[in-house]
Amino acid sequence: MEHMDWDRIPGPAWYLPEAARAAMEALARSADDGQAARALADLRYAVTNDHAGTLYPAAVPATSVLLEAIGERPGPPRQEALNALLDWWGCFHPEPGFGTYVDPSAGSVSLIEGIMRRIRDATDMLHRVADDPSGSGGHRAGVRLLLARLDEGWNTEAG
């Protein structure tokens, strides 16, 4: 898991980088799937305003963490990460005044494009996971839905 300096990412006053950092630390030391899933949920809530349906710029690097969990942590962690991305897709919008993310490799990009680019870059892994029968394959439909939404683009009708 790559190191992220959550404090360097701008956000509204209610963005708490220490909560994102704590979630990442909890994920790294998780001893079981339940702890890992809880840490992923905590990360999700640290980078969004779930009640308002808005995303903070930190949602872009958090997307990479969620994708890593989808690829490497079957069971509850995979499902938690997948649920977060599916909930965001087309339903969430950037927090007003925080619609861009400074990507180290691409420069300033729209927050939504930053999330979509990371998912697009993970399509090979997502296709592998969509075909993975582990855990009775309960995740497969969700992964296929995420891939379909990527093809459709980010719009409110997709949510």
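One table, with the values for the structure above:
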{"item": "Qualifying residue in segment 66-89 (condition: crowded, with 23+ Cβ neighbours inside 10 Å and in contact with a Pro (Cβ under 8 Å, 6 or more places away or on another chain))", "result": "yes"}
{"item": "Options LEU146, LEU126, LEU150: the member that is assigned to a helix (DSSP H, G or I), more than 17 Å from LEU43 (Cα to Cα) and in contact with a Lys or Arg (Cβ under 7 Å, 6 or more places away or on another chain)", "result": "LEU150"}
{"item": "Whichever residue in segment 23-56 is out of contact with any Gly (no Cβ under 6 Å at 6 or more places or on another chain) and closer than 20 Å to ARG117 by Cβ and, among such residues, is surrounded by the fewest Cβ atoms within 10 Å (Cβ to Cβ)", "result": "THR54"}
{"item": "Hey, VAL102 buried (at least 22 other Cβ atoms within 10 Å of the Cβ) and either assigned to a helix (DSSP H, G or I) or touching a strand residue (DSSP E or B) at 6+ places or on another chain (Cβ under 7 Å) (or both) or not", "result": "no"}
{"item": "Unmet criterion (only one of (1) more than 14 Å from ARG78 (Cα to Cα); (2) touching a residue at least 40 places away in the same chain (Cβ under 8 Å)) for ALA36", "result": "(1)"}
{"item": "Members of segment 39-67 that are free of Cβ contacts under 8 Å to residues at least 60 places away in the same chain, among the β-branched types (Val, Ile, Thr) and in contact with a helix residue (DSSP H, G or I) (Cβ under 9 Å, 6 or more places away or on another chain)", "result": "VAL47, THR48, VAL60, THR63"}
{"item": "From the options ALA62, ALA36, ALA41, residue that is touching a Ser or Thr at 6+ places or on another chain (Cβ under 8 Å) and within 12 Å of ALA81 (Cα to Cα)", "result": "ALA36"}
{"item": "Which numbered condition MET4 misses (of (1) modelled with pLDDT under 95; (2) over 11 Å from ALA62 (Cα atoms); (3) buried (at least 16 other Cβ atoms within 10 Å of the Cβ))", "result": "(2)"}
{"item": "Hey, ALA20 in contact with a Ser or Thr (Cβ under 7 Å, 6 or more places away or on another chain) and either buried (at least 16 other Cβ atoms within 10 Å of the Cβ) or among the polar types (S, T, N, Q) (or both) or not", "result": "no"}
{"item": "Segment 107-158: number of residues that are crowded, with 18+ Cβ neighbours inside 10 Å and acidic (Asp, Glu)", "result": "0"}
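The values are calculated or read from the model by the stated rules, or taken from the named source; none is laboratory data. Note that the structure is predicted; figures quoted are calculated from it, not measured. No Cβ is skipped: glycine too gets one built from the backbone with ideal geometry, and neighbour counts run over all protein chains shown.
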